[in-house]
Structures are given as C-alpha cells and as structure tokens.
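Trainee: For reference, the structure I am asking about is given below.
The values are calculated or read from the model by the stated rules, or taken from the named source; none is laboratory data. Computed from a predicted model, the values in this text were never measured in an experiment. Here the Cβ positions follow ideal geometry from the backbone for every residue, glycine too, while neighbour counts run over all protein chains shown. Surface areas here come from the heavy atoms of the whole protein model, side chains and all, with no ligands, DNA or RNA. Shrake-Rupley method; radii C 1.70, N 1.55, O 1.52, S 1.80 Å.
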Amino acid sequence: MAVIGLEQESQGVSDTVSSGRADESQPVPATPSHPAQLRALRIRRQRILKSVILLVVLAFLLVPLMAMMLFTVRQPLSGQWGVDAWKAIFTGSGDSLGADMSILWQGLGISLGLCVVTVVLVLALLVPVMVITYLRSPRLARVVEWVSTLPLTIPAIVLVVGLGPIYRWLSADVLSTNPIWLCFAYTILVMPFSYRALAVGMRSIDMRTLAEASRSLGASWPVLFVRVLLPNLWQSILSAAFIGIAVVMGEYTVASLLGRVNLQVALYQLGQSNSQISTAMALLALVFGVVLLVVLDLVADSIKRRRNK
Amino acid sequence: MTSITVASGRPGEQGLRSAASRLSRRRNLGTAAVSLPFFAYVAAFLILPTGIVVVGAFLSPTQAFTLDNFKRLTEANTLASFGTSIAVSLISALIGACVGGLAAYALVLGAKPEGLIRRIIVALSSVLAQFGGVMLAFAFIATIGINGIVTMMLQQFLHFTVNPNWLSSLSGLITVYCYFQIPLMIITFLPAVDSIRPQWREACESLGANTWQYWIRIACPILLPRFISALLLLFANSFSAYATAAALFSQRSIIVPLMIQGAIRNEMDPGQQGFAQVLAFAMIVVVAVVMMLSHLLEKRFARWQ
C-alpha cells in the first residue's frame, strides 16, 4: 500500500529529455551504433511490450472476477438469467432459492465482531510498546520487530496445531466456545501486517524530537502519547486497522480447524448447498475490501497534500 | 525533572551520579512495564503454540520422549505430499515471480508514478494478494469449474471441453495459486524496480553500453537479490497456504496442509496428534530455511541502498 505513494521521477519525461539530447549532433564517438532512430525504435518496442504484458496480467486478474459476477446472475444448471441470489442477500431470506441463509448472517456477525475486537487488541498491544521502545531502547525495538513479524514465518495451519490444546483448555475451563475468542489467535495473525503499517508511520515522523520537545515543555507521558503522538500517527493507525479488518474478514484456516463459524466458514458451508448466493457474498466481501483500500488511499493522499501545503 | 531537584539538593558529583542511575533504572522499569503485556501476549499465543508443536513432535501419546513420529515422516505418502507441496509452491512461485516481475517492470517503464493504470493495478494487486481461501476457490469454480463461465464459452464457441476435474488437478491448483502470487509479486517487487533510475541507463548509453550490457552489468546485479528474496517469499506464501486447497479438494490429502487437516480431524487415533505435530514441525523447518535465505539476501541487498 505504501507503494502507491512512492515518489519517483517520471521516466516518461526523462526519456524524452534524453532522446532530445541524443538528437543533438554532438560528436559522440562512444555510441556510433545508437543513433536517435534506434533509440526511438527501442522505446516504441518497449511500449508495445509493456502494453501486452499489462493487458495479459490484467485479463488474468479480471476474468475470474467477471466470471464470478456472471455466475451469480445465471443459474448454472438451467441457464436462466436472474438476480435471485442478490435478492436473497439484500432481503436476507433465501427462501425463493430454497437456501437457509441463517448461517451466513451468523458468520457475518461473528466476523464483524472479530474485526472490532482484534483491531482493538492488536493496536492496544502494538502501539504503546512500539512507541516506548522506539524512544528509549532501539535494541528492544528490534526484538519487538522480530517478534511481531514472526507469524509470517509460522504458517497459520501450524499455529492451529499448537493452538488446538490451548483453545481446548480455554473453552472448557476459562471462557466459552464462543467464536469471538478466536480474536486471540487473529491478533497474532494480524500482527505482522499491522506492525508494518505502524512502523511506516513512526519512521516518517520525528518521534524522538516530538517527545523531547513535549517532555521539556512539561507534558506527562500520557499527555505526550494522547495529544502529540496519536494525532501524528492516526493515519498509520488507520491503515493498521484496515489491513487487520481485511485479514480477519478473509480468515478461514483457524476458524474451520478449531470448529468455529466465521464468515468464510459460513460461505463454504453455504456453497455446498447454494453456490450462487455464496459466490455473490464472496464478491461483496471482495468489493468491501477494495472500498476499504480506496478509502485508505484517499486518506493517505489528502494527508500528503495537507503536509505539502 | 526529579533528577534536577534531587541533584541540586545534594551537593557533589556523587549525588548527581546516583540520581542519574536511579533515573535510568526508573526509565528501564517503565519501558519493561509497558512492554510486558505485548511480550506476555506473544508468549501465550505465538511462542506457546509453536512450543507445543515442536515438543509434541518428540512426544509419544503417553507423553514420553520418542522419535517414532519422525518415522512416519518417511512413509511413502507423507514424502509424496511433501514433494507435491514443494513442487506446487516452487512452480507457482516461479510463474508468479516471472510474470509479476515483468508486470512490475512494465508498470514502471515509461509511466508516470501517479498514472491511472499504475494506480489501478497496484490497488487491485494489494487486494488480490490477500485474496485467498474459499472466495478464491469460488472465483475459479465460477470461471472454469464444471458450470464455469469460461468453460461454457469455450464449449460454445470453440467446441473445446475443459476437463471437469482440471481444477482439482495439480496444474489447476498451480493456476489458482498464481492468482494471488502474481499480485503479491507486483507489490513486493515494485519498490525494487522503482529504485532503478532511468538516468543510470542514460549514463550507460552515453558511455557506450548496449542494452544487453546494461541488463547484465547494471540492472541484474541490483534487481537479482530482491527478485530472489521475493521468489522465496512467494514460495513460503504458497507452501503455507491451506484454505484455497481445502476449499478445492474435499477428500484427497495431496499437499501437506491437507494432511495436517486430516490428522487434526481424525480424533479416533491418539497417534494422529503426534503426527499432526510432526508434520507441522517439518513445515516450520522448511519455511524457516526459506526465510533465513531470504534474510541473508536482504542483507546483501542493503549494501546497494
């Protein structure tokens, strides 16, 4: 996501500038085999190659999405066209298609709840420790970085094998079998992504100067944290939250193997009986992800513009 | 604050120093107090489960030390599923890295950094790189499954019948994996391609180098470490992917994550617990080796920045 905002000199401009330079009839003994026409040819060829590559990749990425869309409005067996699947989703009852939608709403509710709890938990765990280690102990900050990105190295399926006994104990003796407790596992899964989003924000502001300035003006630590650092970090906190939501909404492995229902498990189960409704719901979830990302991009843009002013 | 008042109240350098050391001790205590919840949480939900897997791999059903679990790793079908897993991951990583790398290069080539096409593809890629599991399986079933749209179109217009079981074959699985590998490659490799300055090529040409020399001497040495480390990331990514395969294959355990699933669900046989743990342990080892290689490469790349 940080990729979008990368500052880079425009290659298009630089290409024209340099070909202009090659046009000048200076004696260039080192490049006799590279007259301006050949360079222009090369650039034209590059442009064709570029368009072909991008078109093929875009087609590969877009065809399944379009097929999903068509699949939801065309009955696969009878070949009839209709918007019954979408009606079922927006009216909330799948009676017209003979499908029981209750599991889907149950899963959706749980996934939304999990999003909230997981995001709160991961931010509450990460933000304070990242700030304090960044300000006071760079060595500890490296340990925090290593630990937070560790879940990338441990596949979710492996984590489930180890989490199984823990959750068995948790649900029998401490808490309940309520799927909301999956938030403990999800916090770990989300941590590397949220860590990266937060780290980008913390590196882009001069936290040490801010902290020293406010401390020498008499701010206490809580005041420094709430009134100085958080307002400067809210954009990266927002992006950490969004990526967390995206991960939680798409999670299947842990929930299904621990025997809990979330959105993805519900989608899979519904897909066994009515593939049209579940495909439509999957498409909606994907659109939701795209919207989240576009909003994030717009937020980042507006902040960058305000800073430049 | 406290250090100044204490120090001024007590003359002499010794008082100052002891106050300073007291302050630094307090600071360290404060840091520890704030860090404690984070480390405690990670210990409980990341280190402990991993520990259970690693220790469990060496335990028999009666909790005694044993290496029997590892014997099952060398059974023919376990080895076969590891081979399949590694082959699927390697091929999908190679395809993803090459296609994604080319696409990243095409995005940078002669385009403005804020150009529309680039923004669309980058935004799409960051969503699709996370798009796995059940929804991805649905997308491909809707595309090229038995009643898929592309299947129908091929049949109607070209009279070509797609094998209805193609999606649950290895080449089908690889194609499905490529759907998230290519976008992931685009977003991880784009910064590396961006770091190549067009001026370098111009400098090269004005010094008399041709395209071939530019690629061999300039671009490849800079891009190669990042390319390989991205390739390793893609490998680890598809090696640990479970949900997509689980949604596509309902019965057969042809790759390791599905074998683990089978072992977890099979609660009748107490030996299966150890088997799941030893499989998971082997997966950790494979991914750890891959990640270590990638880390070494990143270090080498850091020299160029």
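Trainee: Check off (1) closer than 28 Å to A:LEU286 by Cβ; (2) buried (at least 17 other Cβ atoms within 10 Å of the Cβ); (3) within 12 Å of chain A (Cβ to nearest Cβ) for B:CYS204 and give me the number that stays unchecked.
Mentor: Only one criterion is unmet by B:CYS204, namely (1).
Trainee: Do we have any residue at all in the range A:120-135 that's assigned by TED's automatic domain parsing to the domain that holds A:ALA285, touching a residue at least 12 places away in the same chain (Cβ under 8 Å) and closer than 30 Å to B:ALA276 by Cα? If you could, list the steps in order and put the result at the bottom.
Mentor: From the range A:120-135, those assigned by TED's automatic domain parsing to the domain that holds A:ALA285 are A:120-135; that's our starting set.
Still in the list and also touching a residue at least 12 places away in the same chain (Cβ under 8 Å): A:121-123, A:125-131, A:134-135.
From the residues that got through so far, the ones that are closer than 30 Å to B:ALA276 by Cα too are A:121-122.
The answer is yes, given that some residue of the range A:120-135 is assigned by TED's automatic domain parsing to the domain that holds A:ALA285, touching a residue at least 12 places away in the same chain (Cβ under 8 Å) and closer than 30 Å to B:ALA276 by Cα.
Trainee: Another question, then. Looking at the structure I just gave you, is B:ILE264 among the β-branched types (Val, Ile, Thr) and either at the interface with chain A (Cβ under 10 Å from one of its Cβ atoms) or within 30 Å of A:GLN269 (Cα to Cα) (or both)?
Mentor: Details: among the β-branched types (Val, Ile, Thr): yes; either at the interface with chain A (Cβ under 10 Å from one of its Cβ atoms) or within 30 Å of A:GLN269 (Cα to Cα) (or both): yes.
It is true that B:ILE264 is among the β-branched types (Val, Ile, Thr) and either at the interface with chain A (Cβ under 10 Å from one of its Cβ atoms) or within 30 Å of A:GLN269 (Cα to Cα) (or both).
Trainee: Among B:GLY51, B:GLY56, which is surrounded by fewer than 17 Cβ atoms within 10 Å (Cβ to Cβ) and not aliphatic (A, V, I, L, M)? If you could, list the steps in order and put the result at the bottom.
Mentor: Numbers: B:GLY56 fails: surrounded by fewer than 17 Cβ atoms within 10 Å (Cβ to Cβ).
Exactly one of B:GLY51, B:GLY56 is surrounded by fewer than 17 Cβ atoms within 10 Å (Cβ to Cβ) and not aliphatic (A, V, I, L, M), namely B:GLY51.
Trainee: A further question follows. Among the residues of the range B:189-197, is any of a type in the set (Gly, Ala, Ser), in a helix (DSSP H, G or I) and surrounded by fewer than 20 Cβ atoms within 10 Å (Cβ to Cβ)?
Mentor: Start the filter on the range B:189-197 by keeping residues that are of a type in the set (Gly, Ala, Ser), which leaves B:192, B:195.
From what is left, the residues that are in a helix (DSSP H, G or I) are B:192.
Next, from what is left, pick out any that are surrounded by fewer than 20 Cβ atoms within 10 Å (Cβ to Cβ): none.
No, there is no match, as no residue in the range B:189-197 is of a type in the set (Gly, Ala, Ser), in a helix (DSSP H, G or I) and surrounded by fewer than 20 Cβ atoms within 10 Å (Cβ to Cβ).
Trainee: Hey, can you tell me all the residues within the range A:272-282 that are within 8 Å of chain B (Cβ to nearest Cβ) and either open to solvent by less than 20 Å² (accessible area, probe 1.4 Å) or part of a loop (DSSP other than H, G, I, E, B) (or both)?
Mentor: Of the residues in the range A:272-282, the ones within 8 Å of chain B (Cβ to nearest Cβ) are A:275, A:278-279, A:282.
A:SER278, A:THR279, A:ALA282, listed by residue number.
Trainee: Restricting to the range B:140-175, name every residue that is aliphatic (A, V, I, L, M) and either in contact with a Pro (Cβ under 8 Å, 6 or more places away or on another chain) or within 9 Å of chain A (Cβ to nearest Cβ) (or both). I'd like the intermediate steps shown before the answer.
Mentor: Initial filter on the range B:140-175 (aliphatic (A, V, I, L, M)): B:141-142, B:144, B:146, B:149-150, B:152-154, B:158, B:162, B:167, B:170, B:173-174.
Matches in the range B:140-175: B:ILE141, B:ALA142, B:ILE144, B:ILE146, B:ILE149, B:VAL150, B:MET152.
Trainee: Residues that are among the polar types (S, T, N, Q), more than 21 Å from A:LEU150 (Cα to Cα) and within 23 Å of the chain's Cα centre (by Cα): find the helices (runs of 4 or more DSSP H) completely inside the range B:38-134 holding 1 or more of those. If you could, list the steps in order and put the result at the bottom.
Mentor: On the way: elements: B:48-56, B:68-73, B:76-108, B:116-128.
Answer list for the range B:38-134: B:76-108, B:116-128.
A quick yes/no check of all residues on (1) more than 9 Å from chain A (Cβ to nearest Cβ); (2) modelled with pLDDT under 80; (3) open to solvent by less than 20 Å² (accessible area, probe 1.4 Å):
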residue	(1), (2), (3)
B:ILE95	yes, no, no
B:CYS98	yes, no, no
B:VAL122	no, no, yes
B:SER126	no, no, yes
B:GLN130	no, yes, no
B:LEU136	no, no, yes
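Trainee: Between A:GLY218, A:GLY201, which is without any contact (Cβ under 8 Å) to a residue 40 or more places away in the chain and crowded, with 16+ Cβ neighbours inside 10 Å? Don't jump to the end; show me each part of the working.
Mentor: Working: A:GLY218 fails: crowded, with 16+ Cβ neighbours inside 10 Å.
Every option except A:GLY201 fails the conditions.
Trainee: Quick one: which helices (runs of 4 or more DSSP H) sit completely within the range A:129-233 and have at least 2 residues that are away from chain B (no Cβ under 13 Å)? Reasoning before the result, please.
Mentor: On the way: elements: A:138-149, A:156-169, A:183-204, A:207-216.
Result: A:183-204, A:207-216.
Trainee: Still on this structure: If you go through the range A:117-126 one residue at a time, do you hit one that is under 17 Å from A:MET207 (Cβ atoms), at pLDDT 90 or above and at the interface with chain B (Cβ under 8 Å from one of its Cβ atoms)?
Mentor: So far as the range A:117-126 goes, yes, one or more of its residues are under 17 Å from A:MET207 (Cβ atoms), at pLDDT 90 or above and at the interface with chain B (Cβ under 8 Å from one of its Cβ atoms).
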